Amino acid sequence: MLFATIDDHEVHNFRLLLDEVFGPENFVASIIWQKVYSPKNTARHFSEDHDYVLCYARDGAEWTPNLLPRTEEMEARYRNPDNDPRGPWKPADLSARNYYSKGTYPVVCPGGRNLEGPPPGRYWVISEENFWEKDRDERVWWGADGNAIPQEKIFLSEVKAGKVPQTLWKYEDVGHTQEAKKELLERVEFESSDSVFDTPKPTRLVMRMLRLATDPEDGDIVLDFFAGSGATGEAVWKLNQEDGGNRRFILVQLPEPTGYGDYETVADITKARLRSAGEALAGGGAVPESPLGFRTLGLGASNFKLWDPQETPTDEKELAEQLSAFAESVLDGVTDEDLLFEILLKSGVRLSSQIEHIGGTRFFEADEGRLVICLEEPVTEELVDSIAHQGPTRVVFLDRGFESDAARANASITLRKAGVEVRVV
(Lines give C-alpha, C1' and ligand atoms only; values in the text may rest on other atoms or scores of the structure.)
Protein backbone atom coordinates (compact mmCIF):
# COMPACT_ATOMS: atom_id res chain seq x y z
CA MET A 1 0.00 0.00 0.00
CA LEU A 2 1.46 3.36 -1.02
CA PHE A 3 0.42 6.90 -0.14
CA ALA A 4 2.26 9.81 -1.80
CA THR A 5 1.57 13.45 -0.92
CA ILE A 6 1.98 15.66 -4.01
CA ASP A 7 1.28 19.31 -4.68
CA ASP A 8 -0.97 20.49 -7.49
CA HIS A 9 1.89 21.23 -9.91
CA GLU A 10 3.43 17.74 -9.73
CA VAL A 11 0.41 15.46 -9.46
CA HIS A 12 0.08 14.67 -13.19
CA ASN A 13 3.72 13.71 -13.77
CA PHE A 14 3.92 11.81 -10.49
CA ARG A 15 0.76 9.90 -11.36
CA LEU A 16 2.35 8.81 -14.66
CA LEU A 17 5.48 7.70 -12.80
CA LEU A 18 3.56 5.67 -10.23
CA ASP A 19 1.46 4.10 -12.98
CA GLU A 20 4.68 2.79 -14.50
CA VAL A 21 5.91 1.44 -11.17
CA PHE A 22 2.71 -0.07 -9.74
CA GLY A 23 0.55 -0.37 -12.85
CA PRO A 24 -2.45 1.88 -13.60
CA GLU A 25 -4.79 -0.94 -12.59
CA ASN A 26 -3.52 -0.62 -9.00
CA PHE A 27 -4.37 3.08 -8.69
CA VAL A 28 -6.99 3.41 -5.94
CA ALA A 29 -7.79 7.10 -5.46
CA SER A 30 -6.60 10.68 -5.70
CA ILE A 31 -7.35 12.23 -2.32
CA ILE A 32 -7.64 15.96 -1.71
CA TRP A 33 -5.99 17.11 1.52
CA GLN A 34 -7.09 20.54 2.75
CA LYS A 35 -3.68 21.63 3.97
CA VAL A 36 -4.41 25.23 5.10
CA TYR A 37 -7.11 26.60 7.37
CA SER A 38 -7.22 30.19 6.09
CA PRO A 39 -6.72 31.77 2.63
CA LYS A 40 -3.42 33.38 1.73
CA ASN A 41 -4.09 37.05 1.04
CA THR A 42 -0.83 37.34 -0.92
CA ALA A 43 -2.02 34.88 -3.59
CA ARG A 44 -1.83 36.27 -7.15
CA HIS A 45 -5.01 34.54 -8.34
CA PHE A 46 -6.27 31.80 -6.02
CA SER A 47 -5.13 30.72 -2.60
CA GLU A 48 -4.07 27.09 -2.99
CA ASP A 49 -5.68 25.27 -0.10
CA HIS A 50 -4.93 21.65 -0.97
CA ASP A 51 -2.44 18.99 -1.92
CA TYR A 52 -3.11 15.56 -3.35
CA VAL A 53 -2.52 12.21 -1.71
CA LEU A 54 -2.15 9.50 -4.36
CA CYS A 55 -3.11 6.03 -3.19
CA TYR A 56 -1.88 2.82 -4.86
CA ALA A 57 -2.31 -0.80 -3.81
CA ARG A 58 -0.13 -3.79 -4.54
CA ASP A 59 -3.26 -5.46 -5.92
CA GLY A 60 -6.01 -2.95 -6.60
CA ALA A 61 -8.56 -5.67 -7.34
CA GLU A 62 -8.09 -7.33 -3.95
CA TRP A 63 -7.23 -4.55 -1.51
CA THR A 64 -9.95 -2.92 0.57
CA PRO A 65 -9.20 -0.04 2.95
CA ASN A 66 -10.05 -0.34 6.62
CA LEU A 67 -13.06 1.57 7.85
CA LEU A 68 -12.43 4.78 9.76
CA PRO A 69 -13.68 5.12 13.34
CA ARG A 70 -17.15 6.62 13.67
CA THR A 71 -17.17 10.12 15.09
CA GLU A 72 -19.24 11.29 18.05
CA GLU A 73 -21.32 13.32 15.60
CA MET A 74 -22.12 10.18 13.61
CA GLU A 75 -23.03 8.24 16.76
CA ALA A 76 -25.33 11.07 17.89
CA ARG A 77 -27.51 10.61 14.80
CA TYR A 78 -28.73 7.29 16.18
CA ARG A 79 -31.53 7.53 18.75
CA ASN A 80 -34.30 5.31 20.06
CA PRO A 81 -37.50 7.39 20.46
CA ASP A 82 -39.76 4.30 20.32
CA ASN A 83 -37.63 2.20 22.71
CA ASP A 84 -36.97 -0.43 20.06
CA PRO A 85 -35.28 -3.44 21.71
CA ARG A 86 -32.78 -3.53 18.82
CA GLY A 87 -31.26 -0.32 20.11
CA PRO A 88 -30.53 3.14 18.63
CA TRP A 89 -31.45 3.82 15.00
CA LYS A 90 -31.62 6.66 12.52
CA PRO A 91 -34.30 7.30 9.86
CA ALA A 92 -33.48 6.81 6.16
CA ASP A 93 -35.58 8.04 3.25
CA LEU A 94 -37.63 5.31 1.57
CA SER A 95 -38.01 7.36 -1.61
CA ALA A 96 -35.59 8.53 -4.29
CA ARG A 97 -35.60 10.43 -7.57
CA ASN A 98 -34.41 7.43 -9.62
CA TYR A 99 -37.18 5.72 -11.57
CA TYR A 100 -38.32 2.38 -10.17
CA SER A 101 -41.11 0.47 -11.94
CA LYS A 102 -42.48 -0.97 -8.67
CA GLY A 103 -42.16 2.26 -6.68
CA THR A 104 -45.48 4.08 -7.22
CA TYR A 105 -47.97 2.24 -4.97
CA PRO A 106 -50.28 3.99 -2.42
CA VAL A 107 -49.72 3.70 1.33
CA VAL A 108 -52.12 3.99 4.26
CA CYS A 109 -50.38 5.27 7.41
CA PRO A 110 -51.09 3.65 10.81
CA GLY A 111 -52.62 6.99 11.91
CA GLY A 112 -55.16 6.87 9.05
CA ARG A 113 -53.53 9.22 6.53
CA ASN A 114 -53.78 8.09 2.91
CA LEU A 115 -50.71 8.58 0.72
CA GLU A 116 -51.38 8.18 -3.01
CA GLY A 117 -47.72 7.36 -3.46
CA PRO A 118 -44.25 8.72 -2.71
CA PRO A 119 -43.61 12.49 -2.65
CA PRO A 120 -43.99 14.20 -6.08
CA GLY A 121 -41.14 13.44 -8.48
CA ARG A 122 -39.90 10.49 -6.43
CA TYR A 123 -40.33 6.71 -6.23
CA TRP A 124 -40.38 4.24 -3.36
CA VAL A 125 -36.99 2.48 -3.32
CA ILE A 126 -38.50 -0.96 -2.55
CA SER A 127 -41.47 -2.91 -3.85
CA GLU A 128 -44.82 -2.86 -2.06
CA GLU A 129 -44.31 -6.43 -0.87
CA ASN A 130 -40.92 -5.60 0.70
CA PHE A 131 -42.32 -2.36 2.14
CA TRP A 132 -44.98 -4.11 4.21
CA GLU A 133 -42.58 -6.88 5.17
CA LYS A 134 -40.31 -4.23 6.72
CA ASP A 135 -43.33 -2.69 8.43
CA ARG A 136 -44.31 -6.03 9.98
CA ASP A 137 -40.75 -6.23 11.33
CA GLU A 138 -41.20 -2.72 12.81
CA ARG A 139 -38.47 -1.29 10.58
CA VAL A 140 -40.65 1.56 9.25
CA TRP A 141 -40.98 4.81 11.18
CA TRP A 142 -44.27 6.69 10.69
CA GLY A 143 -43.51 9.59 13.00
CA ALA A 144 -44.76 10.17 16.55
CA ASP A 145 -48.38 10.51 15.37
CA GLY A 146 -48.26 7.64 12.86
CA ASN A 147 -49.00 9.88 9.86
CA ALA A 148 -45.56 11.03 8.67
CA ILE A 149 -43.93 10.10 5.35
CA PRO A 150 -42.55 6.60 6.12
CA GLN A 151 -38.83 6.19 6.70
CA GLU A 152 -36.72 3.10 7.20
CA LYS A 153 -35.09 2.51 10.60
CA ILE A 154 -31.34 1.90 10.23
CA PHE A 155 -30.05 0.29 13.42
CA LEU A 156 -26.62 1.16 14.75
CA SER A 157 -26.05 -2.48 15.67
CA GLU A 158 -26.49 -3.52 12.03
CA VAL A 159 -24.37 -0.95 10.17
CA LYS A 160 -20.67 -1.24 9.40
CA ALA A 161 -18.35 -0.89 12.37
CA GLY A 162 -16.85 2.29 10.96
CA LYS A 163 -16.99 4.96 8.28
CA VAL A 164 -16.20 4.34 4.61
CA PRO A 165 -13.23 6.61 3.72
CA GLN A 166 -13.86 9.52 1.36
CA THR A 167 -11.51 11.35 -1.01
CA LEU A 168 -11.84 14.74 0.70
CA TRP A 169 -9.73 15.02 3.87
CA LYS A 170 -10.47 18.20 5.78
CA TYR A 171 -7.92 19.83 8.05
CA GLU A 172 -10.29 19.46 10.99
CA ASP A 173 -9.85 15.70 10.70
CA VAL A 174 -6.23 15.26 9.55
CA GLY A 175 -4.44 18.52 10.39
CA HIS A 176 -2.88 21.29 8.30
CA THR A 177 0.60 22.65 7.58
CA GLN A 178 0.62 25.08 10.50
CA GLU A 179 -0.23 22.23 12.86
CA ALA A 180 2.61 20.24 11.33
CA LYS A 181 5.11 23.04 11.94
CA LYS A 182 3.88 23.45 15.51
CA GLU A 183 4.39 19.73 16.14
CA LEU A 184 7.91 19.91 14.73
CA LEU A 185 8.83 22.92 16.87
CA GLU A 186 7.61 21.06 19.95
CA ARG A 187 10.09 18.29 19.17
CA VAL A 188 13.08 20.11 17.68
CA GLU A 189 14.67 23.41 18.66
CA PHE A 190 15.81 25.66 15.81
CA GLU A 191 17.95 28.77 16.06
CA SER A 192 15.61 30.76 13.81
CA SER A 193 12.28 30.42 12.01
CA ASP A 194 14.15 30.27 8.69
CA SER A 195 15.53 26.90 9.72
CA VAL A 196 12.14 25.24 10.09
CA PHE A 197 10.97 22.77 7.45
CA ASP A 198 8.67 24.36 4.87
CA THR A 199 6.58 21.27 4.18
CA PRO A 200 6.31 18.98 7.23
CA LYS A 201 3.26 16.72 7.42
CA PRO A 202 0.93 16.64 10.46
CA THR A 203 0.97 13.34 12.32
CA ARG A 204 -2.84 13.20 12.08
CA LEU A 205 -2.54 13.04 8.28
CA VAL A 206 -0.13 10.10 8.47
CA MET A 207 -2.25 8.40 11.13
CA ARG A 208 -5.26 8.56 8.77
CA MET A 209 -3.18 6.71 6.14
CA LEU A 210 -2.08 4.12 8.70
CA ARG A 211 -5.64 3.50 9.89
CA LEU A 212 -6.71 2.76 6.33
CA ALA A 213 -3.80 0.54 5.32
CA THR A 214 -2.51 -1.25 8.45
CA ASP A 215 -3.86 -3.53 11.15
CA PRO A 216 -2.84 -3.12 14.81
CA GLU A 217 -1.89 -6.74 15.46
CA ASP A 218 -0.27 -7.76 12.17
CA GLY A 219 3.20 -6.33 12.85
CA ASP A 220 2.97 -4.19 9.71
CA ILE A 221 6.12 -2.35 8.64
CA VAL A 222 5.59 1.25 7.51
CA LEU A 223 8.19 2.49 5.01
CA ASP A 224 8.74 6.18 4.36
CA PHE A 225 11.51 6.66 1.83
CA PHE A 226 11.40 10.47 2.11
CA ALA A 227 11.44 10.72 5.91
CA GLY A 228 11.97 14.49 6.14
CA SER A 229 11.10 15.69 9.63
CA GLY A 230 10.23 12.17 10.84
CA ALA A 231 6.47 12.70 11.19
CA THR A 232 5.80 9.15 9.98
CA GLY A 233 7.80 7.59 12.81
CA GLU A 234 6.02 9.66 15.44
CA ALA A 235 2.64 8.88 13.86
CA VAL A 236 3.36 5.13 14.07
CA TRP A 237 4.20 5.44 17.77
CA LYS A 238 1.09 7.54 18.49
CA LEU A 239 -1.26 5.14 16.73
CA ASN A 240 0.33 2.12 18.42
CA GLN A 241 -0.27 3.74 21.80
CA GLU A 242 -3.83 4.59 20.81
CA ASP A 243 -4.93 1.13 19.63
CA GLY A 244 -2.32 -1.17 21.19
CA GLY A 245 -0.78 -1.95 17.80
CA ASN A 246 2.65 -3.40 17.05
CA ARG A 247 3.44 -1.53 13.84
CA ARG A 248 7.08 -0.75 13.07
CA PHE A 249 8.65 1.74 10.71
CA ILE A 250 11.63 2.18 8.41
CA LEU A 251 12.51 5.77 7.56
CA VAL A 252 14.91 6.56 4.73
CA GLN A 253 16.52 9.97 4.51
CA LEU A 254 19.63 11.03 2.61
CA PRO A 255 22.01 13.26 4.59
CA GLU A 256 21.17 16.30 2.47
CA PRO A 257 22.82 19.53 3.72
CA THR A 258 20.37 21.94 5.31
CA GLY A 259 22.39 25.10 4.78
CA TYR A 260 22.09 26.25 8.39
CA GLY A 261 23.93 25.54 11.59
CA ASP A 262 21.27 23.96 13.79
CA TYR A 263 21.42 20.62 12.05
CA GLU A 264 23.90 19.95 9.29
CA THR A 265 21.72 17.50 7.37
CA VAL A 266 18.05 16.67 6.99
CA ALA A 267 18.77 13.27 8.53
CA ASP A 268 19.96 15.05 11.70
CA ILE A 269 16.54 16.71 12.00
CA THR A 270 14.80 13.35 11.49
CA LYS A 271 16.80 11.75 14.30
CA ALA A 272 16.37 14.71 16.65
CA ARG A 273 12.61 14.70 16.17
CA LEU A 274 12.34 10.93 16.84
CA ARG A 275 14.47 11.14 19.98
CA SER A 276 12.33 13.96 21.36
CA ALA A 277 9.07 12.24 20.38
CA GLY A 278 10.18 8.99 22.03
CA GLU A 279 10.91 10.79 25.29
CA ALA A 280 7.63 12.73 25.17
CA LEU A 281 5.48 9.69 24.39
CA ALA A 282 7.18 7.27 26.77
CA GLY A 283 4.78 5.95 29.36
CA GLY A 284 1.68 7.29 27.64
CA GLY A 285 -1.20 5.75 25.75
CA ALA A 286 -2.99 2.43 26.04
CA VAL A 287 0.24 0.44 25.93
CA PRO A 288 2.84 2.40 27.94
CA GLU A 289 5.38 -0.41 27.68
CA SER A 290 5.36 -0.30 23.85
CA PRO A 291 8.87 0.26 22.44
CA LEU A 292 9.66 3.79 21.34
CA GLY A 293 13.30 3.36 20.39
CA PHE A 294 14.86 3.27 16.95
CA ARG A 295 18.15 2.35 15.31
CA THR A 296 20.03 4.61 12.96
CA LEU A 297 21.94 2.92 10.17
CA GLY A 298 23.90 4.45 7.31
CA LEU A 299 25.33 3.14 4.09
CA GLY A 300 29.08 2.75 4.00
CA ALA A 301 31.96 0.67 2.77
CA SER A 302 32.77 -2.70 4.30
CA ASN A 303 34.64 -2.75 7.61
CA PHE A 304 36.74 -5.64 6.36
CA LYS A 305 39.72 -5.49 4.03
CA LEU A 306 38.80 -6.69 0.55
CA TRP A 307 41.27 -8.79 -1.40
CA ASP A 308 41.48 -7.86 -5.09
CA PRO A 309 43.18 -10.68 -7.04
CA GLN A 310 43.79 -8.32 -9.96
CA GLU A 311 46.12 -6.29 -7.76
CA THR A 312 48.09 -9.29 -6.55
CA PRO A 313 51.81 -8.55 -7.14
CA THR A 314 54.01 -11.03 -8.93
CA ASP A 315 57.12 -9.95 -7.05
CA GLU A 316 57.74 -12.29 -4.12
CA LYS A 317 58.70 -9.49 -1.71
CA GLU A 318 55.62 -7.38 -2.52
CA LEU A 319 53.41 -10.44 -2.25
CA ALA A 320 54.80 -11.17 1.21
CA GLU A 321 54.13 -7.58 2.27
CA GLN A 322 50.57 -7.74 0.97
CA LEU A 323 49.89 -11.03 2.73
CA SER A 324 51.22 -9.51 5.92
CA ALA A 325 48.92 -6.50 5.51
CA PHE A 326 45.91 -8.80 5.11
CA ALA A 327 46.80 -10.88 8.13
CA GLU A 328 44.50 -8.46 9.96
CA SER A 329 41.11 -8.61 8.18
CA VAL A 330 39.47 -5.67 9.99
CA LEU A 331 40.15 -2.08 8.96
CA ASP A 332 41.66 0.35 11.46
CA GLY A 333 39.30 2.49 13.54
CA VAL A 334 36.31 0.15 13.22
CA THR A 335 34.04 -0.14 16.27
CA ASP A 336 32.37 -3.26 17.62
CA GLU A 337 29.01 -1.80 16.61
CA ASP A 338 30.22 -1.39 13.02
CA LEU A 339 31.33 -5.02 12.93
CA LEU A 340 28.19 -6.26 14.64
CA PHE A 341 25.75 -4.83 12.11
CA GLU A 342 27.81 -5.79 9.07
CA ILE A 343 27.98 -9.36 10.36
CA LEU A 344 24.21 -9.31 10.94
CA LEU A 345 23.68 -8.25 7.33
CA LYS A 346 26.04 -10.90 5.98
CA SER A 347 24.35 -13.51 8.16
CA GLY A 348 20.92 -12.71 6.74
CA VAL A 349 19.52 -11.43 10.05
CA ARG A 350 17.16 -8.47 10.09
CA LEU A 351 18.72 -5.28 11.36
CA SER A 352 15.59 -4.76 13.46
CA SER A 353 16.19 -8.00 15.35
CA GLN A 354 16.64 -7.79 19.09
CA ILE A 355 20.30 -7.97 20.10
CA GLU A 356 21.38 -9.14 23.52
CA HIS A 357 24.73 -7.77 24.68
CA ILE A 358 26.37 -9.54 27.57
CA GLY A 359 27.53 -6.61 29.69
CA GLY A 360 31.27 -6.09 30.01
CA THR A 361 32.03 -8.40 27.08
CA ARG A 362 32.24 -8.31 23.30
CA PHE A 363 29.67 -11.06 23.06
CA PHE A 364 26.30 -10.62 21.28
CA GLU A 365 23.26 -12.78 20.67
CA ALA A 366 20.76 -12.17 17.85
CA ASP A 367 18.00 -13.93 15.94
CA GLU A 368 16.41 -15.05 19.23
CA GLY A 369 19.66 -16.61 20.41
CA ARG A 370 20.24 -18.67 17.26
CA LEU A 371 23.17 -16.48 16.19
CA VAL A 372 26.13 -15.68 18.43
CA ILE A 373 28.62 -13.00 17.37
CA CYS A 374 31.79 -13.23 19.39
CA LEU A 375 34.25 -10.34 19.05
CA GLU A 376 36.23 -11.35 22.12
CA GLU A 377 40.03 -11.55 21.99
CA PRO A 378 41.44 -14.04 22.65
CA VAL A 379 38.92 -16.84 22.11
CA THR A 380 39.64 -19.28 24.93
CA GLU A 381 38.68 -22.93 25.30
CA GLU A 382 36.40 -21.97 28.18
CA LEU A 383 34.57 -19.45 25.97
CA VAL A 384 34.15 -22.03 23.21
CA ASP A 385 32.75 -24.58 25.67
CA SER A 386 30.36 -21.98 27.04
CA ILE A 387 29.05 -21.19 23.54
CA ALA A 388 28.61 -24.89 22.75
CA HIS A 389 26.65 -25.29 25.99
CA GLN A 390 24.29 -22.42 25.02
CA GLY A 391 23.35 -24.28 21.86
CA PRO A 392 23.11 -21.58 19.16
CA THR A 393 22.65 -22.52 15.51
CA ARG A 394 25.50 -20.34 14.27
CA VAL A 395 28.50 -18.52 15.69
CA VAL A 396 30.77 -15.91 14.09
CA PHE A 397 34.30 -15.17 15.36
CA LEU A 398 36.91 -12.63 14.35
CA ASP A 399 39.95 -14.28 12.83
CA ARG A 400 42.23 -12.17 14.99
CA GLY A 401 40.51 -13.58 18.08
CA PHE A 402 42.43 -16.85 17.74
CA GLU A 403 46.02 -16.96 18.89
CA SER A 404 46.92 -19.71 16.42
CA ASP A 405 45.57 -21.81 13.58
CA ALA A 406 45.41 -24.73 15.99
CA ALA A 407 43.17 -22.76 18.38
CA ARG A 408 40.84 -21.89 15.52
CA ALA A 409 40.69 -25.50 14.33
CA ASN A 410 40.02 -26.84 17.84
CA ALA A 411 37.19 -24.32 18.36
CA SER A 412 35.60 -25.32 15.06
CA ILE A 413 35.77 -29.03 15.91
CA THR A 414 34.25 -28.50 19.38
CA LEU A 415 31.37 -26.39 18.09
CA ARG A 416 30.58 -28.51 15.06
CA LYS A 417 30.33 -31.57 17.29
CA ALA A 418 27.69 -29.61 19.22
CA GLY A 419 25.80 -28.94 15.98
CA VAL A 420 26.90 -25.31 15.68
CA GLU A 421 27.86 -23.81 12.33
CA VAL A 422 31.11 -21.84 12.64
CA ARG A 423 32.21 -18.85 10.59
CA VAL A 424 35.44 -16.87 10.98
CA VAL A 425 35.79 -13.39 9.47
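For the stretch 127-144, enumerate the residues that are open to solvent by 40 Å² or more (accessible area, probe 1.4 Å), within 23 Å of R79 (Cβ to Cβ) and free of Cβ contacts under 8 Å to residues at least 40 places away in the same chain.
K134, D135, R136, D137, R139
Would you mention how many residues in the stretch 168-209 are closer than 23 Å to S38 by Cβ and either surrounded by fewer than 18 Cβ atoms within 10 Å (Cβ to Cβ) or not hydrophobic (A, V, I, L, M, F, W, C) (or both)?
26
State whether the residues of the stretch 184-195 include one that is part of a helix (DSSP H, G or I), of a type outside the set (D, E, K, R), in contact (Cβ under 8 Å) with a residue 40 or more places away in the chain and more than 30 Å from S276 (Cα to Cα).
No, the stretch 184-195 contains no residue that is part of a helix (DSSP H, G or I), of a type outside the set (D, E, K, R), in contact (Cβ under 8 Å) with a residue 40 or more places away in the chain and more than 30 Å from S276 (Cα to Cα).
Could you identify the single residue in E321, E382 that is more than 17 Å from V424 (Cβ to Cβ), modelled with pLDDT under 90 and of a type in the set (D, E)?
After applying the criteria, what remains is E321.
Only one residue in L345, L351 is open to solvent by 20 Å² or more (accessible area, probe 1.4 Å) and in a loop (DSSP other than H, G, I, E, B), so which one is that?
Within the list L345, L351, the selection yields L351.
List pairs: first in the stretch 52-64 and closer than 16 Å to T167 by Cα and touching a residue at least 24 places away in the same chain (Cβ under 8 Å), second hydroxyl-bearing (S, T, Y) and surrounded by 14 or more Cβ atoms within 10 Å (Cβ to Cβ), Cβ under 7 Å, 6+ apart or cross-chain?
Filtered contacts from the stretch 52-64: V53/T5.
Only one residue in G278, G233 is at pLDDT 95 or above and part of a helix (DSSP H, G or I). Which one?
The unique qualifying residue is G233.
Only residues that are closer than 19 Å to T258 by Cα and of a type in the set (K, R): list them for the stretch 153-194, please.
Within the stretch 153-194, K181, R187 meet the criteria.
Out of (1) in contact with a Phe, Trp or Tyr (Cβ under 7 Å, 6 or more places away or on another chain); (2) in a loop (DSSP other than H, G, I, E, B), the odd one out for G293 is which?
(1)
The values are calculated or read from the model by the stated rules, or taken from the named source; none is laboratory data. Because the structure is predicted, anything quoted here is derived from the model rather than measured. Glycine gets a Cβ as well: all are built from the backbone with ideal geometry, and neighbour counts include every protein chain shown. Surface areas here come from the heavy atoms of the whole protein model, side chains and all, with no ligands, DNA or RNA. Shrake-Rupley method; radii C 1.70, N 1.55, O 1.52, S 1.80 Å.
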